[in-house]
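What follows is a short report on a single structure.
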Amino acid sequence: MIKIMTDMSADITKEQAEQYGISVLPFYINCGEESILADIDYTPQMFYEKLKNSEELPATSQATPELLENMYRAQGKENQIIHITIPENSSGVVNTARMVSADLAEEGFDITIVSSSVFSYGTGANVVEAAKMALDGASKDEIVQFLNDRFEKDKVYFIVDDLSTLKKGGRIKATTMVVSAMLDIKPILCSNDGMVEAFAKVKGMKRAMAKLVDCVEENIADPETTEVVVLNADCPEKSEMLKNMIAERLGTSNFKTAEVGPIITCHAGVGVFGVYFKHK
């Protein structure tokens, strides 16, 4: 049997994990002297409240090798394990997973590590699809090929509405923030080869949303059948507006809404929202 694993950065829900038999590796959220082991029961809403009420910017860190080894062992040596991780360029958990899986291979474990290239439910959507493929009887090679193809082509795009978290994290200068606020500049970020990079800077929220709709229209594999995932960190009204704009422009009706978890929210703040879809 094939077992699918991922980590909390994929932002799948507890219900999805249980429905499709997906194991989810927790990570640590550090805020001052407090360290929280965030597992599948730690919801995005819980983190939003933590971020809003914290003077210090929380940070995330990977789980220990011991915790990872225990999760691999829980899957069973008799099964083939596919572990879909946060992008390699953004975390050391990939190297830890490779080290632990290599050690367990000597005991007969069959563990394949697949590094994502996208963030949040951009990873999660493909984790869920991989789990569905496994339940439908697909082989390990077929699932890994599917994942590599998607991660090679796809990106996730985010609009940052409030620049204060970027400033708090030292990712923009105070002068840049002041000028951007005065001009109502909205940065658009995207995942690129496992890193979050600036995609565009647009004046005004409606224009920023229109830029995202342009991006979807230019890159979506098939607007009639492709699922469009609209993501948000505690700003459902913005994601709903973006969804309506995409539907009006492309005639798309196949949408899913997902919450952005701590990995992206730590960097971009509550209020960030965006879109993920299968690229051509």
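Hydrophobic, long helices, defined as DSSP H runs whose alpha-carbon span along the helix axis is 15 Å or greater and whose mean Kyte-Doolittle value is at least -1.0, occur in the chain at 65-75, 93-105, 121-135, 205-219, 236-250.
Note on GLN19 and ASP193: the extension gain reaches 59.6 nm, defined as 0.36 nm multiplied by sequence separation minus the Cα-Cα distance. When a/c is below 1.5 the answer is rounded, else prolate if a/b is larger than b/c, else oblate, so apply that to the chain with a ≥ b ≥ c taken from the square roots of the Cα gyration tensor eigenvalues. Cα axes put the chain in the oblate bin. Counting only residues at least eight positions apart within a chain, or on another chain, the lysines with an alpha carbon under 25 Å from that of LYS243 are LYS14, LYS153, LYS155, LYS186, LYS201, LYS203, LYS206, LYS211, LYS256, LYS278, LYS280. Going from the fewest other Cβ atoms within 10 Å to the most, the residues ILE22, ILE4 appear in the order ILE22, ILE4. Going by a ≥ b ≥ c, the root eigenvalues of the Cα gyration tensor, does the range 1-48 fall in the rounded group (a/c under 1.5), the prolate group (a/b larger than b/c) or the oblate group? Taking the square roots of the gyration eigenvalues as a ≥ b ≥ c, the range 1-48 is prolate.
Our coupling estimate for the range 260-274, obtained by passing each phi through the Karplus curve with A = 6.51, B = -1.76, C = 1.60 and θ = phi - 60°, is 7, x, x, 4, 6, 5, 4, 8, 10, x, 4, x, 6, 8, x Hz, Gly and Pro reported as x.
All of the numbers you see were taken from the coordinates with simple rules; none came from a lab. Keep in mind that this is a model prediction, so the values were computed, not measured. Neighbour counts run over all protein chains shown; Cβ positions are idealised from the backbone, glycine included.
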